[in-house]
Amino acid sequence: MAKPQPGQPAPDFRSTTQDGGPLTLNDLRGQRVILYFYPKDNTSGCTLEAQSLRDGQAELARLGFRIIGVSPDSEKSHRNFRAKHELGFTLLADTDHSVAEAYGVWAEKSMYGRKYMGILRTTFVIDAEGRIEKIVEKVDTKNHYRQILDLYTE
């Protein structure tokens, strides 16, 4: 599916949080959302990205943002990842890739000449009405929260 663009409605989704509860985009209406897609819990780049967002969470919250991470990992994997790195935000277990597909970030990748399907690390900033505000495709994992803030201070 094609990646939605700024100004377009964010694709609705229904997924499961790390605690097993359901979450939809509609549940988030009235809040600004940072919906970030990452490949895998507890890998170096994904851990750096999550830690950056954790470290900037209070500052992002002051701007009205709620952080939601999405990867194909299981609820149990997400619970362990959150506990290990003291992440205070929601992680969605997109085990069937339906959320990633809706946002156009489930795609063919290549590593060492081997092709496989996986997540394209991407962040969508969604406004309180459910429209895409901004997209970050070249994610600086170590400084991601600052990268998002810079979108609003340039």
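The values are calculated or read from the model by the stated rules, or taken from the named source; none is laboratory data. Just so you know, these numbers come straight off a predicted model, no measurement behind them. Cβ sites come from the backbone with ideal geometry, for glycine too, and all protein chains shown count toward neighbours.
Structural remarks
- Within segment 86-119, if we keep just the residues that are of a type in the set (S, T, N, Q) and surrounded by 10 or more Cβ atoms within 10 Å (Cβ to Cβ), the residue that is farthest from residue 32 (Cα to Cα) turns out to be 95.
- Taking (1) under 23 Å from residue 51 (Cβ atoms); (2) among the hydrophobic types (A, V, I, L, M, F, W, C); (3) more than 13 Å from the chain's Cα centre (by Cα) in turn, residue 91 satisfies each apart from (3).
- Of the criteria (1) under 14 Å from residue 127 (Cα atoms); (2) among the acidic types (Asp, Glu); (3) in contact (Cβ under 8 Å) with a residue 12 or more places away in the chain, which one residue 55 fails: (1)
- Tally, over segment 29-52, of residues that are touching a helix residue (DSSP H, G or I) at 6+ places or on another chain (Cβ under 9 Å) and more than 23 Å from residue 14 (Cα to Cα): 8
- Any hit, segment 99-115, residues being at pLDDT below 95, assigned to a loop (DSSP other than H, G, I, E, B) and among the acidic types (Asp, Glu): no
- Taken over segment 49-81, residues that are of a type in the set (D, E, K, R), assigned to a helix (DSSP H, G or I) and modelled with pLDDT of 95 or more amount to 6.
- Condition broken by residue 138, with the remaining ones in (1) touching a strand residue (DSSP E or B) at 6+ places or on another chain (Cβ under 6 Å); (2) without any contact (Cβ under 8 Å) to a residue 12 or more places away in the chain; (3) assigned to a loop (DSSP other than H, G, I, E, B) satisfied: (1)
- Screening residue 1 on (1) surrounded by fewer than 19 Cβ atoms within 10 Å (Cβ to Cβ); (2) in a loop (DSSP other than H, G, I, E, B); (3) modelled with pLDDT of 95 or more shows it passes everything except condition (3).
- Whether a residue is in contact with a Ser or Thr (Cβ under 6 Å, 6 or more places away or on another chain), of a type outside the set (Ser, Thr, Tyr) and at pLDDT below 95 was assessed, and residue 14 passes this test.
- Checklist (1) surrounded by 17 or more Cβ atoms within 10 Å (Cβ to Cβ); (2) over 17 Å from residue 20 (Cα atoms) applied to residue 63, failing item: (1)
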